[in-house]
Amino acid sequence: MPVRVQLDDFDASREIAALRAGDPRVGAVACFIGTVRDVNDDADVRSLTLEHYPGMTEAALQSIADEARARFDIYDVLVVHRVGELRPTDQIVLVAVTSAHRGEAFDACRFVMDYLKTRAPFWKKERTPSGERWVEARASDDDAAARWRDDASEPR
Amino acid sequence: MRDHAPVTVRLVYLARLREALGAPGESVALAGEATVSALLESLRSRGGAFASELASGRPVRIAVNHAVAADSTPLRDGDEVALFPPVTGG
């Protein structure tokens, strides 16, 4: 269950190949990639700086991956999250999940992202034409994470 | 821990809070009760940005030694206490 925080970009196909290498049990790989948009809250985003809390961030990601393994019938989870300065179209985060079948892989992938958004210590600062601003947390992200509280397999 | 032993914790301010408070962190010695809420009260009593940013009702998250903490979480000598805004990664 590797989790990594890095400045460098990632190559999703290479990461997925490594995740499922030599594992014939795998019949499904679900993958999510988050990227930098050029518009957020009606402002042009020129660039984004991502900050984390070294030590706690990795531990939080590991804990989310562990929880996904406990909740879903999956084989492995990979989380790669970038920090530093990013520009529109850049990749931010990769989550990949291997499983025997697609349903558990899709669900676990979504679960990991929903929890990452609300529990992993990362912060975004946007540079827009009118200056810099810290991105505010969204209530919709809390709602997305909360959906997993009562039901272990499906959101809502 | 001995009774009345001084408790010194290392504070880490992250993201918007680091900018608002004007420092990446500091060491703070606590006299008396050593809990997260006592620490926050002592920081607020400095006034200025500390009072406004850490006012009750503001969305401030606390972690003690990298684990999410509550107001009642006890603090021990040498703990690392991080203060940060709600997270916005992904």
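Okay, here's what the table says:
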{"item": "A:ALA28 vs. criteria out of contact with any Asp or Glu (no Cβ under 8 Å at 6 or more places or on another chain) and surrounded by 15 or more Cβ atoms within 10 Å (Cβ to Cβ)", "result": "no"}
{"item": "Any hit, region B:30-37, residues being acidic (Asp, Glu) and buried (at least 16 other Cβ atoms within 10 Å of the Cβ)", "result": "no"}
{"item": "Residue within region B:46-58 that is at pLDDT 95 or above and over 23 Å from A:GLU136 (Cβ atoms) present", "result": "yes"}
{"item": "Residue match in region A:51-64 (condition: more than 14 Å from every other protein chain (Cβ to nearest Cβ) and touching a residue at least 60 places away in the same chain (Cβ under 8 Å))", "result": "no"}
{"item": "Top-ranked residue in region A:107-126 [being among the aromatic types (Phe, Trp, Tyr) and more than 7 Å from chain B (Cβ to nearest Cβ); ranked as farthest from A:VAL36 (Cα to Cα)]", "result": "A:PHE111"}
{"item": "One residue from B:SER72, B:SER27 being among the hydroxyl-bearing types (Ser, Thr, Tyr), at pLDDT 95 or above, closer than 23 Å to A:HIS52 by Cα and outside any helix (DSSP H, G or I)", "result": "B:SER27"}
{"item": "So B:ALA70, is it in contact with a helix residue (DSSP H, G or I) (Cβ under 8 Å, 6 or more places away or on another chain), under 26 Å from A:THR57 (Cα atoms), more than 11 Å from every other protein chain (Cβ to nearest Cβ) and not polar (S, T, N, Q)", "result": "yes"}
{"item": "Residue match in region B:60-69 (condition: assigned to a helix (DSSP H, G or I), under 27 Å from A:LEU48 (Cα atoms) and over 12 Å from the mean Cα position of the chain (by Cα))", "result": "no"}
{"item": "Qualifying positions in region A:65-84 - surrounded by 15 or more Cβ atoms within 10 Å (Cβ to Cβ) and more than 11 Å from chain B (Cβ to nearest Cβ)", "result": "A:ALA65, A:GLU67, A:ALA68, A:ARG69, A:ARG71, A:PHE72, A:ILE74, A:TYR75, A:ASP76, A:VAL77, A:LEU78, A:VAL80"}
{"item": "Tabulated pairs, region B:28-40, first of a type in the set (Gly, Ala, Ser), second surrounded by 13 or more Cβ atoms within 10 Å (Cβ to Cβ) and not in a loop (DSSP other than H, G, I, E, B), C-beta under 6 angstrom, 6+ apart or interchain", "result": "B:ALA29/B:THR8; B:ALA34/B:VAL7"}
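The values are calculated or read from the model by the stated rules, or taken from the named source; none is laboratory data. This is a predicted model, so every value here is computed, not measured. Please note: Cβ atoms are built from the backbone with ideal geometry, for glycine as well, and neighbour counts cover all protein chains shown.
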